[in-house]
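Written below as structure tokens is the structure these notes are about.
Every number here is computed from the coordinates shown, using simple stated rules; none is lab data. Model, not experiment: these values are computed from the prediction. Note that we place each Cβ from the backbone using ideal geometry, even for glycine, and neighbour counts take in every protein chain shown.
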Amino acid sequence: MEEDRNLSRKTVLRAALAAGVAVPAAFVAAPALARTRADGPALEPTPMCDDGDDPTPPQMEGPYFKPNSPQRTSMVGDGPGTRLTVSGYVFGLACQPLSGVLLDFWQADTNGAYDNVRFRFRGHQFTTAQGAFSLTTIVPGLYPGRTRHIHVKAQAPGRPVLTTQLYFPGEPRNNTDSLYDPRLLMTVRNAGGGREAAFDFVLNVPGAPGTTTTRPTTTTTSPGGGTWTPGTTYPVGSRVTYGGRGYVCLQAHTAHAGWEPPNVPALWRAE
Ligand SMILES: [Fe+2]
């Protein structure tokens, strides 16, 4: 199954990176194989990475960014808050891990307040030779008008800055925050009284020539399941078809263009 190959490929890639061993060439040089469907609908060449992600989408900077944050991987001070680690990798379009990428994080404290005078909960770091990063912080608090989020700027050497935000699953406000984008959901689990979050960035950095892959571009219907339709509100457990495949809804939401089931694995699981 295509899904099995995707998961297997990502698992191997992450495991290899974490272990500091060479990534098997088949997983780096030919990402197209992971998503090529012999029996699928019309295909177009589109660069993809790991589970089929497009480049990590941008989001507005908001009013609270401050330049010149300190270089550090821990933003935790003496104050209150639930400990949170955020870790992952930064990839280019060809799934190659990117080293030396600047990641500049800023967030609210546990009460939802930004430090606009000093640098509490602001810090930057660079990805390792394996493209990895790890941030130790606290779960940011809520403030009016927004769901829970962490701001970040990501810049590969000599490339443009990506400004975006990371989100938490299962937040009641996710569905009412117009900025919220499920493509920016972290994977979060409880660990030792705190939280462990994971997120992999994909930056718009070209890889080796020819390392493009493909994705379905047409929506088709199949008997017994409704076709995924933007503007529709889907409860958890609802089933749709998209691109000839069936998907199960993992989180209640209202569908938007750009949130097609293959693009938002946090919202839809392929059947
Ligand atoms: Fe914010």
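Tabulated data
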read-out	value
Residue 60 versus residue 72: modelled label distance in nm, points set 7 Å from Cα along the beta carbon direction	3.0
Cβ-based exposure ranking for 173, 120, in which fewest neighbours within 10 Å come first	173, 120
Extension reserve of the residue 176-residue 239 stretch, reckoned as 0.36 nm per residue once the Cα distance is removed	20.4 nm
Likely footprinting exposure, 135, 250, 179, fewest C-beta neighbours within 10 Å first	179, 250, 135
Fewest-first ranking of 78, 109, 54, using other Cβ atoms within 10 Å as the exposure measure	78, 54, 109
